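For reference, the structure is listed below as structure tokens.
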Amino acid sequence: MKTILIIEKNPEDATLIKNALRDVSCGPFAIVFKTTMCDAEEYLKEHADETDLILMNLRLSDVKRRWEAFERVRQYVFKIPVVIIVGNTSQDYNLAKVLVEKGVEDILNIDSLQQNPGVLDKVIEFAICRHKVNGSLMEKSQQDLAEKDMVISWLSGSYSVQKK
């Protein structure tokens with residue numbers, strides 16, 4: 001069973017997300033709710049390997065700036081797909097756009113979710129899929145770089161093959 005960590009301080013939004021998750025076709029999911037960044041960090045320290053997706057609001061009671069919320073989960077972005085929950089403010093949207101460039105998989109507008117709970121299904125499915133593809137591409141890129149370094153080392157004369 002897949003696990004989704006939801007970091008959301010607003011109880012109404014948390015309930016909306018939980019209800020929408022019932023209709024998600026790529027489930028079922030175990031759902032873990034955390035209302036503060038501190039609680040989320042504690043959870044991730046012990047359960048990052050078991051977490052398949054993070055849905056998070058940037059406006060949390062224990063962060064001074066919204067950017068800080070992302071910075072505190074940034075270390076997990078390459079292991080776990082992260083989807084940012086935003087409201088209708090242009091500040092939230094503009095910051096979320098920047099965070100997509102930093103590794104966030106997608107943005108979920110809470111108002112869109114209220115109007116169409118089915119949108120969560122596609123957001124989750126595509127975020128997990130994109131994350132797998134990006135991870136595969138990064139792994140392939142690292143392999144290619146290692147091979148390139150080996151060839152350069154060999155051409156420069158500093159690489160040797162040792163028999164065992």
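The single condition among (1) within 22 Å of LEU113 (Cβ to Cβ); (2) open to solvent by less than 30 Å² (accessible area, probe 1.4 Å); (3) out of contact with any Asp or Glu (no Cβ under 9 Å at 6 or more places or on another chain) that ALA48 does not meet is (1). The set of residues from the stretch 66-94 being in contact with a helix residue (DSSP H, G or I) (Cβ under 6 Å, 6 or more places away or on another chain), assigned to a helix (DSSP H, G or I) and open to solvent by less than 30 Å² (accessible area, probe 1.4 Å) comprises ALA69, PHE70, TYR76. Taking the condition of a type in the set (Asp, Glu), over 20 Å from SER112 (Cα atoms) and surrounded by fewer than 16 Cβ atoms within 10 Å (Cβ to Cβ), does ASP23 pass? In short, no. Among the strands (runs of 3 or more DSSP E) lying completely within the stretch 1-65, list those that include at least 2 residues that are under 14 Å from the mean Cα position of the chain (by Cα) and closer than 20 Å to LEU99 by Cα. Hits in the stretch 1-65: 2-7, 53-57. For the stretch 119-138, residues that are open to solvent by less than 40 Å² (accessible area, probe 1.4 Å) and either at pLDDT 80 or above or within 19 Å of ASN19 (Cβ to Cβ) (or both) total 6. Would you be able to say whether some residue in the stretch 143-161 is at pLDDT 85 or above and either under 17 Å from ALA14 (Cβ atoms) or out of contact with any strand residue (DSSP E or B) (no Cβ under 8 Å at 6 or more places or on another chain) (or both)? Checked against the condition, which is being at pLDDT 85 or above and either under 17 Å from ALA14 (Cβ atoms) or out of contact with any strand residue (DSSP E or B) (no Cβ under 8 Å at 6 or more places or on another chain) (or both), the stretch 143-161 yields no hits at all. Being in a helix (DSSP H, G or I) and within 21 Å of ASP23 (Cβ to Cβ) is the filter here; which residues of the stretch 95-118 pass it? Selection gives ILE110, ASP111, SER112, LEU113, GLN114, GLN115. Of all residues assigned to the stretch 2-9, at least one qualifies as being touching a helix residue (DSSP H, G or I) at 6+ places or on another chain (Cβ under 9 Å), within 24 Å of CYS129 (Cβ to Cβ), buried (at least 16 other Cβ atoms within 10 Å of the Cβ) and of a type in the set (Asp, Glu). Selection within the stretch 95-114: residues that are among the charged types (D, E, K, R) and under 26 Å from LYS132 (Cβ atoms). The member of this set that is most open to solvent (accessible area, probe 1.4 Å) is GLU101. On the given criteria, is ASP62 under 25 Å from THR15 (Cα atoms) and in contact with a Cys (Cβ under 6 Å, 6 or more places away or on another chain)? When the stated conditions are applied, ASP62 passes them.
Is it true that some residue in the stretch 73-82 is within 15 Å of the chain's Cα centre (by Cα), more than 19 Å from ASP23 (Cα to Cα) and of a type in the set (Ser, Thr, Tyr)? Yes, the stretch 73-82 contains at least one residue that is within 15 Å of the chain's Cα centre (by Cα), more than 19 Å from ASP23 (Cα to Cα) and of a type in the set (Ser, Thr, Tyr).
The values are calculated or read from the model by the stated rules, or taken from the named source; none is laboratory data. All figures in this text were calculated on a predicted structure; none of them were measured in a lab. Cβ atoms come from the backbone with ideal geometry, glycine included; neighbour counts cover every protein chain shown. Note: areas computed on protein heavy atoms with side chains; ligands, DNA, RNA excluded. Shrake-Rupley method; radii C 1.70, N 1.55, O 1.52, S 1.80 Å.
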